[in-house]
Each structure stands twice: as C-alpha cells, then as structure tokens.
C-alpha cells in the first residue's frame with residue numbers, strides 16, 4: 001500500500017490539471033485550447049487573439065470567455081510580435097516603420113507600440 005501511495009504522490013503533478021483549469025468554465029477551457037492551437041501556428045497579439053477567439057468569423061466564443069482564457073495564459077507577447085514580424089517578412093518586404101505600423105495598427109495585428117518595435121527589430125527589419 002505504501003508503494004501505491006508513494007507512486008501516486010510522485011506522479012500526481014504530471015497528471016494534475018493546470019492551475020488555470022480549476023478556475024475556468026468549460027467554454028473558457030476550450031477557448032484556451034483553441035488559443036494554444038492558434039499560437040502554435042502563427043503570432044498573435046493579446047487583442048488579436050481575443051478577437052480571433054470571439055469573432056463570428058473565428059471561433060465564436062463570447063468576448064468574456066475569450067478574454068478570460070487569454071488572460072489565464074502565460075504568453076510572451078513580445079516574442080509573438082517577433083513571430084508575426086518574421087511571418088510578414090517571409091511574404092513581402094517592409095521598411096522598419098512600415099512593419100511597426102502593420103504590427104501595431106488597429107487595422108493590423110494590434111500589438112503595443114513597444115511590442116511591435118521589438119518584433120520589427122528582432123526580425124531584422126530595423
């Protein structure tokens with residue numbers, strides 16, 4: 001019996017639900033899974049990811065569920081900006097200022113100015 005308890009105690013952290021899973025509703029947990037899938041494919045800003053999750057053209061989660069899901073995640077948004085910047089540069093050329101504008105514009109990716117600048121510099125546009 002002691003071996004089973006010890007075995008269970010040692011493996012519990014590997015099979016325990018993430019801490020965010022205990023405080024989120026079912027739809028919010030699903031939105032987290034959707035968000036993780038999106039982030040594995042391309043770069044997103046925080047606002048862009050929430051929009052993608054809540055848009056009728058995207059996943060259709062409620063805005064509050066999408067926001068709660070994204071807020072529960074640990075994402076380096078500056079690194080996401082680098083990822084987005086590199087993706088843009090693979091498709092076409094951009095000046096430094098043009099790429100920063102694309103990344104930070106409300107009509108573009110909606111990164112913060114500092115995230116967009118970091119992304120453009122790290123991607124080699126500046």
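The values are calculated or read from the model by the stated rules, or taken from the named source; none is laboratory data. Note that the coordinates shown come from a computational prediction; the quantities given were computed from them, not determined experimentally. For neighbour counting, all protein chains shown are included, and Cβ atoms are generated from backbone atoms with ideal geometry for every residue, glycine included.
Per-structure values
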read-out: Options 48, 58: the member that is surrounded by 13 or more Cβ atoms within 10 Å (Cβ to Cβ) and at pLDDT below 95; value: 58
read-out: Output for the stretch 50-76, where each listed residue is in contact (Cβ under 8 Å) with a residue 24 or more places away in the chain and assigned to a helix (DSSP H, G or I); value: 51, 65, 66, 68, 69, 70, 72
